[in-house]
Amino acid sequence: MTYLIKGARILGGEARDIRMEDGVITEIGTGLAPKDAETIDADGLIALPGLVDLHTHLREPGREDAETVESGTRAAAAGGFTAVHAMANTEPVADTAGVVEQVWRLGREAGHCDVHPVGAVTRGIEGRQLAELGAMADSAAHVRVFSDDGHCVDDAVLMRRALEYVKAFDGVVAQHAQEPRLTEHAQMNEGEVSGRLGLAGWPAVAEEAIISRDCLLAAHVGSRLHVCHVSTAGSVEIIRWAKSKGWQVTAEVTPHHLFLTDELAETYDPIYKVNPPLRTKADVEALREALADGTIDCVATDHAPHPVEAKETEWSPAAMGMIGLETALSVAQAAMVDTGLLDWAGLADRMSVRPARIGRLAGQGHLPVPGAPANLTLYDPGVRRVVDPAASVSKSRNTPFAGLELPGRVHATFLRGRPTVLEGKTV
Amino acid sequence: MKQHLISAADLTKDDALLILDTAEELASVADRPIKKLPTLRGRTVVNLFFEDSTRTRISFEAAAKRLSADVINFSAKGSSVSKGESLKDTALTLEAMGADGVVIRHSASGAPHRLATWVRGSVVNAGDGTHEHPTQALLDAYTMRRRLGDLEGRRITIVGDILHSRVARSNVLLLNTLGAEVTLVAPPTLFPVAVGTWPCEIAYDFDAVLPKSDVVMMLRVQQERMNAAYFPTVREYSRRYGLDARRMDALPDHALVMHPGPMNRGVEIAAEVADSTRSTIVEQVANGVTVRMAVLYLLLGGSEPAIGNSRTEGE
Amino acid sequence: MSAASVPPHRSSPNGDMSHKSVLEAPDIRRALTRIAHEILERTKGGEDIVLLGIPTRGVTLAERLARRIEEVEGRPVPQGSLDVTMYRDDLRLRPARALGRTELPPEGVDDRVVVLIDDVLYSGRTVRAALDALNDLGRPRAVQLATLVDRGHRELPIRADYVGKNLPTSAKETVRVLVEEVDGRDAVLLEAGK
């Protein structure tokens, strides 16, 4: 099928027509003739490269009640994503070639977006013994990102070995930076609010100490480190310093850490419970600045679906995590574009180009130019919508943005020239 | 707060004084031949205790019964809760039974907030995790007021595990509302990191604050804190932060010694201090029933709660 | 306080509501003096009476009656206050309210003739509550009722033994008793309905 997009503002620029044939962008110009192409009116819409998420929990295998590869990737497409990295903390853990290939195959069968499984760093994400990283790298899933996300690889020797080992296949270790002893029973950001609410604190230093150590380890062994869901102003400072040294350190920030603060815990509604926790306004500001100046490379959703019963509880026993695929672009617009911190080209860089590069995805993260893979998102930044959890495409409803009015809406998503979303509806 | 008593911060000064004044009037009920008022006849109060606390439960039960409410005791042990029923399902059960008031004790901070979103009745927090215990603070204030009069400008020293104490949180808030000056004393490990934002003073040196204290309230120290390296040994804690006879002598003559119980005699408080005439510990227990009667009456006695609302009429 | 009286802060006595004074200070003084004598007469010299005022203004009136009786008989009369709030049958109709004081004289009420004193007798519900409250405090030999104003409209089989003034009213009207000790002056006002 051939598509002709009429009048899209590419990266927020002037209106242009975009022709897509056989999965590739073949022509960009004005007044292009439809010939036999299906025409899509994109008047007022912005064309962005298909978004790439470095951090998605698809829950399959094991917790199909919360999400499946099919439902999660459909939610991703609805959010404008053409590729997601599926985190390894499934049941069983994605720590063998067999499991990562299963997830990869489920993604191909669903067809909503590319699924790149993340391999566990350690067996069973137990932090004791390296998983077969090479086998996962060599598998059909072609794993390049390794993470024990949900757990920190806190053993310094194991972390060093993992960083060294993945160099053989240009892999990257994505660290969930959380010093475990400093965060035993931790419930929320440690600060004024936690003290008042009587909830055990998750101090910023528990994140920053691990990031500091990992930066030094990465430098020492000359490997690539990626820092998952950076949440504190202090972490930003450390990463900025590491980058200034020329070390191969990259970092991501979630939409919720760019937008929400720990005061939301005052409701004791665990919809706001997440790991790392929501921090303070000062942290949010530092994270936005860091994303704007490139210290933080990309936005990653940490989409973490949970069934209703995991959140309709007291705060302490509730599960940590929030869904985010379907709201990521809107939140990023509100936090970064509407505030003037990034333009659309900048946002495309942080939500597509850079995450694709970190994940070593050859077919993703290309700006829309003739010859590039036809992975595109058409986005209407002018509308406003109130987030309704009941309307989510994800199987789960645990969005912290419920009831909030956010800007923008994904109008269409194309995966290699094939629409996965049209008129705001998944195909 | 409109309908519930979950945090001492829900109470304005007028609210707090109304509760204390009401308790003052209700105190005489305990001395009457018939220790019962018909006020809450036909109203159902559920004591929902997810944590063992016989003393607090009995206190609320006596309070509700003296007001002629029907009392249902629902303890987590041996109930469906221990079989994994969620707080929400329990709440819906109470709703179906038509509970007008739910008194909840729970090990999770914020459980009363959650419960309040699921039930129509008034929720009274009888202690939630390390968050708050507002009726304890009210009975403490009541006890102090009976002994010392108006609390405006009174200096109250609270000593012990502030970090994990719901009694301390509620007392700081309520006493501040009532115009008292609160000083918290603990080893630095047992303060929340942002305690500096609380409306009180903090101190590490117990001896320095003794002579200027009108009340010293000792908090229970849990053995498990020692294992988590909050302090080196119980002996050292006791030496630095325990209230012994020597420290009691450093108090002004009129000063009171309080403890919310249960006490670790010989750890945070010496036996001779606990049993001294300055000690209000037994009184606190008796006052608990009276204050809880006042809270239940003011929340459940009328067409709408009489505290927490900004009312224009005086009736 | 009785159902018919209204706290003074809700509207000022000289406010915009139309009202007329039906009793002034001298009338009230005379009425109380007469009631005092009637009580002595009916109780054979008031040997074992206890005067219990119903807060707020009933307590003031009880204090004045006690003084009058003491002036006549030359000995003090036990008196106190009886708050009926917790016994009211209309609690659910309004927000829970602050309690008045219940203070019995040391003599108690057992085997005594209790004279309840309220400012206005209207539906009778306050007195019904007072009888219940009294019942929980002891067992008087007899209970009598004195009121400064009886305005009619009884909803219960209750009558006063001593009445300062019978005041025919319509249910729309409001009767307000002012006493020097609380309100700064003595008066009984009849206010038109809104």
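Values in this text are rule-based calculations from the coordinates and carry no lab data. Keep in mind that what you see is a predicted model, and the values were worked out from it rather than measured. Reconstructed Cβ throughout: ideal geometry from the backbone, glycine too, with neighbour counts over all protein chains shown.
The relative contact order of chain C, computed from alpha carbon pairs under 8 Å that lie at least 6 residues apart in sequence, is 27 percent. Amide H contacts for A:H116 (H built 1.01 Å from N in the peptide plane; partners 5 or more residues away or on another chain; cut-off under 5 Å): A:V84, A:H85, A:A86. Can you tell me how segment A:203-295 classifies by the Cα gyration tensor, rounded, prolate or oblate, using a/c under 1.5 as the rounded cut? Prolate is the answer for segment A:203-295, as a/c is 1.5 or above and a/b outweighs b/c. Of A:C298, A:C152, the sequence from fewest to most neighbouring Cβ atoms within 10 angstrom is A:C152, A:C298. In units of the compact-protein estimate 2.2 N^0.38 Å, segment A:273-427 shows a Cα radius of gyration of 1.10. Rounded to the nearest 10 degrees, the inclination of helix A:156-165 to the longest alpha-carbon principal axis of chain A is 30 degrees.
One Cα centroid belongs to segment A:66-139, the other to segment B:266-301; the line between them spans 58 Å.
Can you bin chain B into rounded, prolate or oblate? Criterion: square roots of the alpha carbon gyration tensor eigenvalues sorted a ≥ b ≥ c, rounded for a/c under 1.5, prolate for a/b above b/c, oblate for the rest.
prolate
Among A:A362, A:A292, A:A233, which one shows the biggest mean-square fluctuation in a GNM of chain A, springs joining Cα atoms closer than 10 Å? Of the options given, A:A362 has the highest mean-square fluctuation. Residues A:R63, A:R181, B:R120, A:R105 in ascending order of nearby Cβ atoms (within 10 Å, fewest first): A:R181, B:R120, A:R105, A:R63.
Averaging the Cα positions of each part gives two centres, and for segment C:44-103 and segment C:139-194 these lie 14 Å apart. A simple charge model with +1 on the Cβ of Lys and Arg, -1 on the Cβ of Asp and Glu and nothing else charged puts the dipole of the protein assembly as shown at about 1340 debye relative to its Cα centre. With all pairs of separate Cα atoms included, segment A:50-194 yields a Kirkwood hydrodynamic radius of 15.6 Å. Of all lysines in the structure, the ones whose alpha carbon falls short of 27 Å from that of C:K172, not counting any fewer than 8 places away in one chain, are C:K20, C:K194. Taking all Cα pairs closer than 8 Å and separated by 6 or more residues, the relative contact order of chain A comes to 20 percent.
Counting lysine pairs in chain A whose alpha carbons fall under 26 angstrom apart, excluding pairs fewer than 8 residues apart on the same chain, gives 12. Among the trypsin sites (Lys or Arg not before Pro) found in segment B:8-47, those both in a DSSP coil and sparsely packed, with 16 or fewer other Cβ atoms within 10 Å of their Cβ, are B:K35, B:K36, B:R41. Across segment C:119-161, the mean sequence separation of Cα contacts (distance under 8 Å, 6 or more residues apart), normalised by length, yields a relative contact order of 63 percent.
Evaluated with a Cβ-only charge set (Lys, Arg +1; Asp, Glu -1), chain C carries a dipole of roughly 600 debye about its Cα centre, given to the nearest 20.
Ellipticity at 222 nm from helices only: DSSP H runs of n ≥ 4 in chain A, each -39500 (n - 2.57), divided by the residue count, give -7000 deg cm²/dmol.
Applying a DSSP loop filter and a limit of 10 other Cβ atoms within 10 Å to the GluC sites (Glu not before Pro) in segment A:1-102 leaves A:E14.
Over 45 Å, how big is the tail of the calculated P(r) for the protein assembly as shown, in percent of all Cα pairs? Could you put the intermediate results ahead of the total?
Working: 205999 of 437580 pairs.
I get 47 percent for the Cα pairs in the protein assembly as shown exceeding 45 Å.
Note on chain B: lysine pairs with Cα distance below 26 Å, sequence gap of 8 or more or different chains, count 8.
Over all orientations, chain C has a Cα convex hull whose mean projected area works out to 10.6 square nanometres.
Between helix B:13-26 and chain B, what is the angle of the helix's C-alpha long axis to the longest principal axis, kept within 0 to 90° and rounded to the nearest 10? Helix B:13-26 and the main axis of chain B meet at about 80 degrees.
Please say if segment B:175-315 is rounded, prolate or oblate, where rounded means a/c under 1.5 for a ≥ b ≥ c the square roots of the C-alpha gyration tensor eigenvalues, and otherwise the choice is prolate for a/b larger than b/c and oblate otherwise? Each step should come with its number before you reach the end.
Working: a/c = 1.99, a/b = 1.72, b/c = 1.16.
Prolate, since a/c reaches 1.5 and a/b exceeds b/c.
Gaussian network model of chain C, Cα springs within a sub-10 Å range: biggest mean-square fluctuation belongs to which of C:R151, C:R30, C:R125? Ranking C:R151, C:R30, C:R125 by mean-square fluctuation puts C:R30 first.
Over what distance in Å are the Cα centres of segment B:143-164 and segment A:198-270 separated? Going from one Cα centre to the other spans 42 Å. Enclosing the Cα atoms of chain A in their convex hull gives a volume equal to 121 cubic angstrom per residue.
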